[in-house]
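See below for the structure under consideration.
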Amino acid sequence: MSFLKNVSHLGISNLNQLQNDVLQATYQHIHVIAPTGSGKTVAFLLPVLSSLDVNNKALRALIVVPMRELALQIAQVFTQMQTGYKCVCCYGGHNMQAEVRSLQQTPTLIIGTPGRLQKHISLNNIDTSHLKVLVLDEFDKSLEIGFAESMQTIVASCNNTKIILTSATAMPALPDFLKHYNWHYIRSEHQIPEITCYSAKVLGDDKAEALLLMLNSFAAEPAIVFCNHRDAAQRLSSFMQTHKISHSLYHGKLEQQQREMAWIQFANGSNRLLITTDLASRGLDIARVKHIIHYQLPQTAETNTHRNGRTARMQATGNAYYLLDKGDVMPLFITAKLNPFQWPQQMQPWPKIQWVTLYIASGKKDGLSKTDVLGVLYKKASFQKNDLGLMSVFDHFILIAITANLASIAWQTLTNYKVKNKKVKVSLLP
């Protein structure tokens with residue numbers, strides 16, 4: 001299969017069970033419902049790739065997602081696959097006219113949120129008449145946040161199109177606009193994650209201090225701390241700042257760019273700690289998260305499942321910790337075996353961060369690409385491939401992970417030399 005070469009650009013040599021199942025099912029069946037799980041983005045991008053035709057310049061695939069961050073993540077994966085096909089993201093909060101201009105030269109793939117895609121379709125900015133694949137990713141989440149009507153309009157505009165629907169939960173019933181399709185279900189028995197759960201009773205009177213001690217015990221490994229409310233996440237972030245603990249803060253009240261920068265810094269290893277609300281329990285596909293901490297106990301069984309689903313991905317194992325203050329009682333819906341957490345006796349020196357994120361205040365709408373930036377670093381500063389980590393290109397800014405010991409050299413190089421004949425503003429993120 002020729003597109004497996006594209007997958008190799010992601011560092012994948014063999015497809016996992018979910019990816020194989022989805023690929024085979026889309027060859028044999030028209031409409032497929034699959035669980036979310038490790039590698040699910042690649043799982044539905046494989047059928048998308050197989051539908052593309054170099055001789056057909058029409059829109060061939062449409063991916064509908066509940067959140068802008070997920071749209072950007074999928075676009076990034078698609079770009080890394082080096083297909084040569086044009087991909088455009090459309091989502092609420094993004095400049096509408098900028099999207100219209102991007103759509104004038106028809107892309108092969110569009111990724112977007114339901115409300116914005118519905119608007120473009122109604123204005124005839126998007127023509128779905130030649131569409132081959134429609135992906136409804138995290139469909140249950142889109143329903144949960146009220147996008148049923150928008151998705152109904154999108155589906156109705158896509159005639160004779162193969163549909164791939166992913167859902168993190170087993171929905172008791174599909175909405176009426178999808179019931180008449182003949183669905184093939186992919187089961188998820190083989191994807192049970194290996195998560196060890198711990199009950200951690202706070203010994204003193206300060207829950208935040210207890211969290212700090214817990215984090216210190218596995219400080220070299222990535223962890224996500226979940227709070228139930230934005231204010232609690234914000235207070236916990238302030239506490240970490242006071243103690244000079246590098247971290248990312250992610251919740252719905254932040255500006256779009258702040259949220260994007262937060263999850264990128266966590267995903268690229270510049271921050272090992274993400275403090276968040278349940279907004280990050282869905283829609284962010286971040287691999288290699290070792291520890292999930294319920295700073296505030298989950299309020300529903302579904303919330304518990306989605307939070308813990310952030311760890312033990314891609315055949316890895318993970319840990320989940322329930323931090324219990326005085327008076328806290330474990331919810332009855334948490335039925336996993338709980339091991340007592342062994343609190344360390346004292347704090348150890350915090351390990352140094354290996355990566356730093358460099359911010360470039362120009363992006364693809366300003367004419368800059370990944371290749372432009374890498375070219376300067378490789379040629380002018382003799383950087384090697386291993387010196388650079390995850391690079392994310394947005395409309396008006398670029399984030400790139402640099403090994404910490406070379407961060408200042410990268411900053412000086414991009415400050416002193418032009419990138420694509422342009423001076424760019426560069427800074428190192430804290």
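Of the residues making up the stretch 167-186, not a single one is in contact (Cβ under 8 Å) with a residue 24 or more places away in the chain, of a type in the set (D, E, K, R) and surrounded by fewer than 19 Cβ atoms within 10 Å (Cβ to Cβ).
Of everything in the stretch 357-413 that is under 17 Å from LYS423 (Cβ atoms) and acidic (Asp, Glu), the residue that is surrounded by the fewest Cβ atoms within 10 Å (Cβ to Cβ) is ASP366.
For the stretch 376-407, a residue qualifies if it is over 16 Å from ARG259 (Cα atoms), of a type outside the set (A, V, I, L, M, F, W, C) and touching a residue at least 40 places away in the same chain (Cβ under 8 Å), and the qualifying residues are GLY389, THR403. Does at least one position in the stretch 46-60 carry a residue that is modelled with pLDDT of 90 or more, in a strand (DSSP E or B) and either touching a Pro at 6+ places or on another chain (Cβ under 8 Å) or within 18 Å of CYS158 (Cβ to Cβ) (or both)? No, every residue in the stretch 46-60 fails to be modelled with pLDDT of 90 or more, in a strand (DSSP E or B) and either touching a Pro at 6+ places or on another chain (Cβ under 8 Å) or within 18 Å of CYS158 (Cβ to Cβ) (or both).
Which one of these is of a type in the set (S, T, N, Q), under 22 Å from the mean Cα position of the chain (by Cα) and closer than 18 Å to LEU136 by Cα: THR41, THR83, THR79, THR26?
One residue alone meets the criteria, THR41.
Within the stretch 310-333, the set of residues being farther than 12 Å from THR196 by Cα and buried (at least 18 other Cβ atoms within 10 Å of the Cβ) comprises ARG310, ARG313, LEU323, LEU324.
Do we find that ALA223 is of a type outside the set (Phe, Trp, Tyr), farther than 30 Å from LEU62 by Cα, in the same structural domain as ILE334 (by TED's automatic domain parsing) and touching a Leu at 6+ places or on another chain (Cβ under 9 Å) in this structure?
Working: of a type outside the set (Phe, Trp, Tyr): yes; farther than 30 Å from LEU62 by Cα: yes; in the same structural domain as ILE334 (by TED's automatic domain parsing): yes; touching a Leu at 6+ places or on another chain (Cβ under 9 Å): yes.
Spelling it out, ALA223 is indeed of a type outside the set (Phe, Trp, Tyr), farther than 30 Å from LEU62 by Cα, in the same structural domain as ILE334 (by TED's automatic domain parsing) and touching a Leu at 6+ places or on another chain (Cβ under 9 Å).
In the set (1) more than 27 Å from the chain's Cα centre (by Cα); (2) free of Cβ contacts under 8 Å to residues at least 12 places away in the same chain, the condition left unmet by ALA210 is number (2). For the stretch 336-347, name all the residues that are surrounded by 10 or more Cβ atoms within 10 Å (Cβ to Cβ) and of a type outside the set (A, V, I, L, M). ASN339, PHE341, TRP343, PRO344, listed by residue number. Going through (1) over 25 Å from ASN268 (Cα atoms); (2) assigned to a helix (DSSP H, G or I); (3) of a type in the set (Ser, Thr, Tyr) one by one, SER199 falls short only on (2). Going by the structure shown, is VAL376 of a type in the set (Val, Ile, Thr), within 28 Å of VAL88 (Cα to Cα) and over 24 Å from the mean Cα position of the chain (by Cα)? The answer is yes for VAL376. Of the residues LEU15, LEU23, which single one is at pLDDT below 90, among the hydrophobic types (A, V, I, L, M, F, W, C) and part of a loop (DSSP other than H, G, I, E, B)? Residue meeting the stated conditions: LEU15.
Would you kindly identify the strands (runs of 3 or more DSSP E) lying entirely within the stretch 314-372 that contain at least 1 residues that are of a type in the set (Gly, Ala, Ser) and either farther than 30 Å from ILE264 by Cβ or modelled with pLDDT of 95 or more (or both)?
Values: elements: 317-324, 338-340, 355-360.
In the stretch 314-372, the matching strands (runs of 3 or more DSSP E) lie at 317-324.
Taking the stretch 289-341 as the range and being touching a strand residue (DSSP E or B) at 6+ places or on another chain (Cβ under 8 Å) and basic (Lys, Arg) as the test, the residues that pass are LYS290, ARG307, ARG310, LYS337.
Give the residue, chosen from ALA280, ALA336, ALA287, that is within 15 Å of ALA200 (Cβ to Cβ), out of contact with any Pro (no Cβ under 9 Å at 6 or more places or on another chain) and not polar (S, T, N, Q). If you could, list the steps in order and put the result at the bottom.
Numbers: ALA280 fails: within 15 Å of ALA200 (Cβ to Cβ); ALA287 fails: within 15 Å of ALA200 (Cβ to Cβ).
Selected residue: ALA336, the only one of ALA280, ALA336, ALA287 that is within 15 Å of ALA200 (Cβ to Cβ), out of contact with any Pro (no Cβ under 9 Å at 6 or more places or on another chain) and not polar (S, T, N, Q).
Quick check on the stretch 101-148: of everything there that is assigned to a strand (DSSP E or B) and hydrophobic (A, V, I, L, M, F, W, C), which residue is surrounded by the most Cβ atoms within 10 Å (Cβ to Cβ)? Break it down stepwise before answering.
Pass one, the stretch 101-148, residues assigned to a strand (DSSP E or B): 109-112, 133-136.
Filter once more, so that each one left must be hydrophobic (A, V, I, L, M, F, W, C): 109-111, 133-136.
Values: LEU109: 25, ILE110: 28, ILE111: 26, VAL133: 23, LEU134: 21, VAL135: 25, LEU136: 25.
Ranking the candidates gives ILE110 first.
The values are calculated or read from the model by the stated rules, or taken from the named source; none is laboratory data. Here the structure is a predicted model, which is why all the values come from computation and not from measurement. A quick note on method: Cβ atoms are made from the backbone with ideal geometry, for glycine too, and the neighbour counts reach across all protein chains shown.
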